[in-house]
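> Take a look at the following structure, please.
The values are calculated or read from the model by the stated rules, or taken from the named source; none is laboratory data. This structure is a prediction, so every number in the text was calculated from the model and none was measured. All Cβ positions, glycine included, derive from the backbone under ideal geometry; neighbour counts span all protein chains shown.
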């Protein structure tokens with residue numbers, strides 16, 4: 001990616017977060033994290049617009065918040081398999097979907113942020129992308145029910161995950177789409193790509 005595009009994304013991220021989270025502390029709470037992860041697309045993104053699904057997993061780091069008790073790191077994912085830590089049973093997270101190409105796209109999904117202190121934030125989000133730049137917006141959901149994958153006799157057929165941190169918050173992000181081989185857009189399609197940038201959560 002050209003350095004000018006990277007700079008524009010960085011300043012764009014700062015501007016978006018500043019507009020939402022820089023209000024007086026008595027009126028709002030919020031914070032932001034750096035995100036670095038990888039998305040997998042099916043089918044791969046090409047220069048032809050088409051429907052697709054995708055999954056995502058990444059790390060959240062350098063988190064800063066107006067709440068001093070907030071964790072400074074965590075992980076985030078969408079469309080992955082959740083494994084119940086008590087039983088080992090597996091459940092499918094909702095698949096994220098979209099329409100578009102390498103040049104532009106719109107998507108929606110549900111992301112699960114798992115914080116270093118054991119808390120969780122579930123975000124229902126949408127994105128719009130133009131070339132390398134991706135804008136994300138969303139709201140924190142109270143809970144999401146996942147379907148079990150091949151449950152055994154007596155095992156539950158679903159499980160419900162709940163938000164335990166940042167309930168009622170709004171989400172904003174300014175991200176960069178980074179395919180490992182941009183020439184794949186005119187060939188077999190981009191099946192995986194890096195996603196990096198800044199994600200923020202805030203509430204009035």
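> Among the listed residues 193, 167, 111, which satisfies the condition of being modelled with pLDDT of 95 or more and closer than 24 Å to residue 81 by Cα? First the steps, then the outcome.
Details: 193 fails: modelled with pLDDT of 95 or more; 167 fails: modelled with pLDDT of 95 or more.
111 is the lone residue from the list that is modelled with pLDDT of 95 or more and closer than 24 Å to residue 81 by Cα.
> Hey, any hits in segment 24-40 for a residue that's touching a strand residue (DSSP E or B) at 6+ places or on another chain (Cβ under 9 Å), at pLDDT 85 or above and more than 22 Å from residue 115 (Cβ to Cβ)? First the steps, then the outcome.
If we filter segment 24-40 for residues that are touching a strand residue (DSSP E or B) at 6+ places or on another chain (Cβ under 9 Å), which is where we start, we get 28-40.
Applying the additional criterion that residues be at pLDDT 85 or above yields 32-40.
So of that shortlist, the ones also more than 22 Å from residue 115 (Cβ to Cβ) come out as 40.
The answer is yes; a qualifying residue exists.
> In segment 42-61, which residues are in contact with a helix residue (DSSP H, G or I) (Cβ under 8 Å, 6 or more places away or on another chain) and part of a strand (DSSP E or B)?
Across segment 42-61, the qualifying residues are 44, 45.
> State whether the residues of segment 165-182 include one that is assigned to a strand (DSSP E or B) and more than 27 Å from residue 30 (Cβ to Cβ). Don't jump to the end; show me each part of the working.
Taking segment 165-182 as the starting set, the residues that turn out to be assigned to a strand (DSSP E or B) are 170-178.
After this cut, where a residue has to be more than 27 Å from residue 30 (Cβ to Cβ) as well, the list is none.
Checked segment 165-182: no residue is assigned to a strand (DSSP E or B) and more than 27 Å from residue 30 (Cβ to Cβ).
> Given the criteria under 28 Å from residue 203 (Cβ atoms) and touching a residue at least 60 places away in the same chain (Cβ under 8 Å), does residue 159 qualify?
Details: under 28 Å from residue 203 (Cβ atoms): yes; touching a residue at least 60 places away in the same chain (Cβ under 8 Å): yes.
Yes; evaluated as a whole, the condition is true for this residue.
> Being in contact with a strand residue (DSSP E or B) (Cβ under 7 Å, 6 or more places away or on another chain), within 30 Å of residue 48 (Cα to Cα) and surrounded by fewer than 21 Cβ atoms within 10 Å (Cβ to Cβ) narrows it down to one residue among 173, 194; which is it?
On the way: 173 fails: surrounded by fewer than 21 Cβ atoms within 10 Å (Cβ to Cβ).
Result: 194 is the single residue among 173, 194 that is in contact with a strand residue (DSSP E or B) (Cβ under 7 Å, 6 or more places away or on another chain), within 30 Å of residue 48 (Cα to Cα) and surrounded by fewer than 21 Cβ atoms within 10 Å (Cβ to Cβ).
> Enumerate the pairs (first residue in segment 181-204 and more than 22 Å from residue 35 (Cβ to Cβ); second residue anywhere and modelled with pLDDT under 90 and surrounded by fewer than 20 Cβ atoms within 10 Å (Cβ to Cβ)) with beta-carbon separation below 6 Å, excluding pairs fewer than 6 apart on the same chain, so at least 6 apart or on different chains.
The qualifying pairs are 204/28.
> When you scan segment 62-121 for strands (runs of 3 or more DSSP E) that lie fully inside it, which ones turn up with 1 or more residues that are free of Cβ contacts under 8 Å to residues at least 24 places away in the same chain? Spell out how you get there, then give the answer.
On the way: elements: 74-78, 81-83, 90-92, 96-100, 104-115.
Result: 81-83, 104-115.
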